[in-house]
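All remarks here apply to the structure that follows.
Each reported figure results from applying straightforward, stated rules to the coordinates on display, with no laboratory input. Predicted model only: the values in this text are computed from it and were never measured. Don't worry about glycine lacking a Cβ; one is built from the backbone with ideal geometry, like all the others, and counts go over all protein chains shown.
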Amino acid sequence: MDSILVRGNGPLNGQIPIAGAKNACLTLMPATLLSEEPLTLTNAPRLSDIKTMSTLLASLGAEVSSLNDGLVLAMSSHDLNNLTADYDIVRKMRASNLVLGPLLARAGQAVVSLPGGCAIGARPMDLHISALESLGAEIDLRDGYLHAKVAGGRLKGAVHEMRFASVGATENFVMAATLAKGTSVLKNAAREPEIVDLVHCLRKMGAQIDGEGTSEITIQGVDRLNGATHPVVVDRIELGTYMLAPAIAGGTVECLGGRFDLLQAFVDKLHDAGIDVSETENGIRVTRTGGDIHAVDVKTEVFPGFPTDLQAQMMAMLCTAKGVSNLEETIFENRFMHAPELMRMGANIDVHGGTAKVTGVAKLKGAPVMATDLRASVSLILAGLAAEGETKVSRVYHLDRGYEKLVEKLSAVGAHVERVSE
Ligand code: UD1
C-alpha cells in the first residue's frame, strides 16, 4: 500500500490549478440516466470516486467513456438493462445512492443497496426515502436493499419539506422531479454550489427548474430530457485545502479557478486568522509572510456556512495558531478522527462530543500517521508541510478518492512531498 512522505520545507510559492468538483461530478454523472441522449461532462476530476461511479453507471447499462486524459466523460444511457445498484459498488461510495432518483424517474423502479456504515457517522437514507415517497414512490427495505417502484410508472409532482437540508436528498429529489408529472416544490432544500451546478446542467437538458441556490426549488416536470454538454464547477473543497497550504507553511500561492462566492465563510475565517487572501483575475491568492496565525472559532454548517469538508484541514492550521480555537462540528457526528493523529504530531487538542478545543503550539513534529477518511487524510499532509522532520501519511487510497495529482500540485509550489510504495 502506498504512503505519502511530507517534509516541512519552508514557504511555498507558485500556482495550483483547481480541478472540477468531485461532489458535483458525482451528481452530474447519474443525471445521464434521465435521458436517452448523450450527456458529456468536461472539466471532470481524475479521481477513484469518479471511476467507481462510472462502474456503477456501466453496470446499469450506460456507456461511459473517459476522454482527453479523463477530463471529459462522455456518457450515454440509451438502453438501461439493469435497475439494481449492487452492494459491492455502493459500499465503496455513498454517493452511489444518487442513481435512485434518476432510475425511478426514467424507469419507474430501482433497487439500490443501502450504503452501510461510514467512518464519519451513520449517514442514514431517511431524507432521500421520504423525499422520493412524496413524489409517489413506494420504497421497502429488504435484504439490505431499497426496493423502489412507482405505481403507473411515472412520479407525480408534489410539495415536500425536508427536516434537514441534505445535499444528496436534494439532488435525488430534483433529478427525480424533472420527469415527474406536474409541479414539484422542495422546501428547506440544500443550497450548495454543487446543486446549483446540477440544476444548470439539467436546464441544458431541457428541465424546467427555478430557485437553485435558495432553500426552495421548484421543478416543472417534462416528458423527456435531451442530451447536453456541461463543464463541472470548480472544486471548492480542493480549493480551500490548497488555500491552507501557504497559510500553514508560509509563502504565496495562487489557486487557479478559485472564486470567493464558492467558500465565502471559509475566506472570512482565514481573514480572521490573519491570513492575506484576495481574488485575482485567475483565481484566489493566499499569502502568509510571517507573523502569527490567530486562533479562530469555527462551526460547520450547511452552505453558505463553513463547510464540514474543510473542518479537518482548518484544524491542521489552527494547531499552530496563537491562542485557543474551538471547532464545532454540526453536520456529522463522528468527524474528529484526525484529532488524535494531529496529536501524535504534537498538537494540543481536546475533543468533547461535537466540539474540539485546539490550543496552539509553536510547531508540530513529523510522525507516522493515518486517517480513516478523505479530508482527515489531507489535513495530515497539510500539517506535515510546516512540521519539523518527516510525516508519513498511510492509507493513501482515501486521498485518491478526492485529490487528483496531489503530489504534483504540492511539489510544483515547492513542497517536499513524495509518494512511496511499500
Ligand atoms: C454531501 C457530500 C459530502 C459532504 C456533505 C455535507 C457528496 C458526494 N458528498 O454528502 O462530501 O460532507 O454533503 O456537506 O456530495 N442525513 C440524514 N438522513 C439522510 C441523509 C443525510 O440524517 O437521508 C444526515 C447525514 O447523516 C449527515 C447530514 O445529514 O449527518 C448531512 O448529510 P448530506 O447533506 O445528505 O450529505 P451527503 O449528500 O451524503
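Estimated purely from DSSP H runs of n ≥ 4, each contributing -39500 (n - 2.57), the mean residue ellipticity at 222 nm for the chain is -8500 deg cm²/dmol once divided by its residues.
Taking 32 Å as the limit for the C-alpha separation, the pairs Lys51/Lys322; Lys365/Lys405; Lys204/Lys269; Lys187/Lys322; Lys187/Lys405 exceed it in the case of Lys51/Lys322; Lys204/Lys269; Lys187/Lys322; Lys187/Lys405. For the chain, a crude dipole built from +1 on the beta carbon of Lys and Arg and -1 on the beta carbon of Asp and Glu, taken about the Cα centre, is about 320 debye to the nearest 20. Counting beta carbons within 10 Å around each of Tyr242, Tyr397, Tyr145 and listing the fewest first gives the order Tyr397, Tyr145, Tyr242. Leaving out same-chain residues fewer than 8 places away, which aspartates and glutamates sit with a Cα under 12 Å from that of Lys363? Hits, sequence-local ones excluded: Asp292, Glu388. For Lys149, the lysines whose Cα comes closer than 23 Å to its Cα, not counting residues fewer than 8 places off in the same chain, are Lys181.
Basic side chains Lys and Arg get +1 at the Cβ, acidic Asp and Glu get -1 at the Cβ, and with that the dipole of segment 22-231 about its Cα centre reaches some 140 debye.
Ordering Val72, Gly274, Val222 by Cα displacement along the dipole of the chain toward the positive end leaves Gly274 in first place; charges were set at the Cβ atoms of Lys, Arg (+1) and Asp, Glu (-1). Taking the DSSP bridge list for the chain and keeping only pairs wholly inside it, about 70 percent are antiparallel. Segment 370-398 and segment 308-348 have Cα centres lying 13 Å from one another.
Remark: Phe332, Phe260, Phe266 ranked as Phe260, Phe332, Phe266, counting other beta-carbon atoms within 10 Å and listing the fewest first. Ordering Thr287, Ile237, Pro368 by Cα displacement along the dipole of the chain toward the positive end leaves Pro368 in first place; charges were set at the Cβ atoms of Lys, Arg (+1) and Asp, Glu (-1).
Mean separation of Cα pairs under 8 Å and 6 or more residues apart, divided by the residue count, gives the chain a relative contact order of 21 percent.
Select from Thr40, Thr229, Thr308 the residue whose mean-square fluctuation is largest in a Gaussian network model of the chain (Cα-Cα springs shorter than 10 Å). The residue that fluctuates most here is Thr229.
Charge dipole (Cα centre; +1 on Lys/Arg Cβ, -1 on Asp/Glu Cβ; no other charges) of segment 144-287 amounts to roughly 920 debye.
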